[in-house]
Amino acid sequence: MVEIVVDSAACVGAGQCALTAPQVFDQDDDGIVVVLAGAVTDVSAARQAAQLCPARAIAVTG
Amino acid sequence: MSHVVVVGASVGGVTCVQSLRELGFDGDLTLLDAEDGPPYQRPPLSKEVLLGGDAAHADLLDESALEAIGVEFRPGTPAVGLDVAGRRLRLAHGDLRFDALVLATGAAAAVPAPLTNLIERGAHVLRTRGDAVALAAALGPGSGLAVLGGGVLGSEIVSAAVSRGVPTTLLARTGQTLGPLRGALVQRLLPLHRSRGVAVQTDRTRISRGAGRWRIDAGAARHVADTLVIAVGVRAAAGWLERSLPVGPNGVRCDSRGRVAPGVWAVGDVADRAGGRYDVSRNTQAAAVAQAREVAGAIAGDPLRVPVVPYFWSDLHGVRVQAAGRIPPGVRIQPLDRDDAGAPLAFAVVDADGTVVGAAAWGSARGFRRARAMLGTPLEQEVVAR
């Protein structure tokens, strides 16, 4: 099963993740990444979001 | 497709080889770099490393991590030429054949001719890990710093120096830009520096050196510094390709997807992408990462699924500056949110058709998200009325 781990301290609030995989990522009021609940259906979008994160704050394993 | 060679092991090259493996490419992968040591990225060089941290903060990954994914890593191996038709990369000793080549050699600190004498007399630049270690060692609370150039790198160096208690002078232009930001978008920059105790000089200056110190003469004002850094821009590291590929002042010319020639691709600071000139992400790490993923996808037959919105950011004196989209010539800057003093914090960048093509904000995550949500839509009149 796919697991998403984010480093909130490293997050810079770019929001690329939320634009790339909106079913998986959102941002709070400060722009910091929020991982949405539920199983990840679009794994490749989640991986692309991790690859595009300017702060390298997202890890997708499994 | 059996052998992909990637030249340059900063974030563009490393992301490319990692993406290729993640996308299922199982042929041979070689990653070259001219410098010795493990692959590293640049943003920490003007932040953590300059603040006195370990140079290892900039490391991207261990050499063993590359070995673990079957990437042959060859540091200390500069590429010196290219035979495009023959698919051979020329090294200092011998050639390397490839099926696909990704150019990720980045850029070097630009030192225009009138400034070379300053380098000869001990002025610093900041581009490599070695530069960062040398500059960090030269800074200290008692010693004064002057930075020539108030763009992204110069401003970040100033920010780090101030946080270390170093008396700092910034030599900037009156029309100083910050990466893609210009005009009203960058109004807050010099006042922000001044508010943190930086001596900002925008008059023309004469710089000389005497008795081990730098003297900066601006007519009415004089400044003295122990350390001088030149941060006036970068030059794409494409000189070695001039005889084989179309190379311009901004690097190797490629199409909007990074393709240069059959079997040859370019990513990051060395790439001059058609149509990308006004992307806010030009010459950022975010762009190098996105382009590397895109090119890996093209080589591995698994293209990017979602178009990437260009993104730019910089942290200055604890204030996060962010931008998204494009800022081409001839646009109008529409302020959105304002701070308590009435100065604009967030902006929409609007083209001649009234469409929002760019977004920017200073120290306002909410303002940035609001502006970014407008990208691609017509600017609404209710916004203008505020």
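The values are calculated or read from the model by the stated rules, or taken from the named source; none is laboratory data. Just so we're clear, the structure is a prediction, and the values are computed from it rather than from any experiment. In this analysis, Cβ positions are derived from the backbone assuming ideal geometry, glycine residues included, and neighbour counts consider all displayed protein chains. Areas reflect the complete protein model, heavy atoms only, side chains present, ligands, DNA and RNA absent. Shrake-Rupley method; radii C 1.70, N 1.55, O 1.52, S 1.80 Å.
Remarks
- The single residue among B:G376, B:G330, B:G342 that is surrounded by fewer than 19 Cβ atoms within 10 Å (Cβ to Cβ), within 14 Å of another protein chain (Cβ to nearest Cβ), outside any helix (DSSP H, G or I) and on the phi > 0 side of the Ramachandran plot turns out to be B:G376.
- Members of the stretch B:106-153 found to be part of a helix (DSSP H, G or I) and in contact with a helix residue (DSSP H, G or I) (Cβ under 9 Å, 6 or more places away or on another chain), listed by number: B:R129, B:G130, B:D131, B:A132, B:V133, B:L135, B:A136, B:V152, B:L153
Per-residue answers, yes or no, for (1) touching a residue at least 60 places away in the same chain (Cβ under 8 Å); (2) within 16 Å of B:R182 (Cβ to Cβ); (3) surrounded by fewer than 21 Cβ atoms within 10 Å (Cβ to Cβ):
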{"residue": "B:E294", "(1), (2), (3)": "no, no, no"}
{"residue": "B:R305", "(1), (2), (3)": "no, no, yes"}
{"residue": "B:S314", "(1), (2), (3)": "yes, yes, no"}
{"residue": "B:H317", "(1), (2), (3)": "yes, no, yes"}
{"residue": "B:D353", "(1), (2), (3)": "no, no, yes"}
{"residue": "B:Q381", "(1), (2), (3)": "no, no, yes"}
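- Only one of B:A290, B:A296, B:A286 that is within 14 Å of chain A (Cβ to nearest Cβ), in contact with a Ser or Thr (Cβ under 6 Å, 6 or more places away or on another chain) and not in a strand (DSSP E or B): B:A296
- B:P335 meets each of the listed conditions (1) within 13 Å of chain A (Cβ to nearest Cβ); (2) in contact (Cβ under 8 Å) with a residue 40 or more places away in the chain; (3) surrounded by fewer than 22 Cβ atoms within 10 Å (Cβ to Cβ) apart from (1).
- Residues in the stretch B:299-325 that are of a type in the set (A, V, I, L, M), at the interface with chain A (Cβ under 9 Å from one of its Cβ atoms) and closer than 20 Å to A:G13 by Cβ: B:V306, B:V308, B:V309, B:A324.
- Subset of the stretch B:1-16 [under 14 Å from B:R293 (Cα atoms) and β-branched (V, I, T)]: B:V6, B:V11, B:V14, B:T15
- Candidates in the stretch A:22-44 are the residues that are surrounded by fewer than 19 Cβ atoms within 10 Å (Cβ to Cβ) and closer than 14 Å to B:R305 by Cβ; of these, the one that is nearest to the other protein chains (Cβ to nearest Cβ) is A:S44.
- Residue in the stretch B:252-265 that is within 14 Å of chain A (Cβ to nearest Cβ), surrounded by fewer than 18 Cβ atoms within 10 Å (Cβ to Cβ) and not hydrophobic (A, V, I, L, M, F, W, C) present: no
- Residues satisfying the stated conditions in the stretch A:49-62, i.e. more than 9 Å from the chain's Cα centre (by Cα) and either open to solvent by 60 Å² or more (accessible area, probe 1.4 Å) or not aliphatic (A, V, I, L, M) (or both): A:Q51, A:P54, A:R56, A:T61, A:G62
- Hits in the stretch A:11-35 - residues which are under 9 Å from the mean Cα position of the chain (by Cα) and among the hydrophobic types (A, V, I, L, M, F, W, C): A:C17, A:A18, A:A21, A:V24, A:F25, A:V33, A:V34, A:V35
- The criterion of being free of Cβ contacts under 8 Å to residues at least 40 places away in the same chain, surrounded by 13 or more Cβ atoms within 10 Å (Cβ to Cβ) and within 9 Å of another protein chain (Cβ to nearest Cβ) does not hold for A:A14.
- Within the stretch B:15-99, strands (runs of 3 or more DSSP E) holding 1 or more residues that are in contact (Cβ under 8 Å) with a residue 24 or more places away in the chain, open to solvent by 30 Å² or more (accessible area, probe 1.4 Å) and in contact with a strand residue (DSSP E or B) (Cβ under 8 Å, 6 or more places away or on another chain): B:28-32, B:71-74, B:79-83, B:95-97
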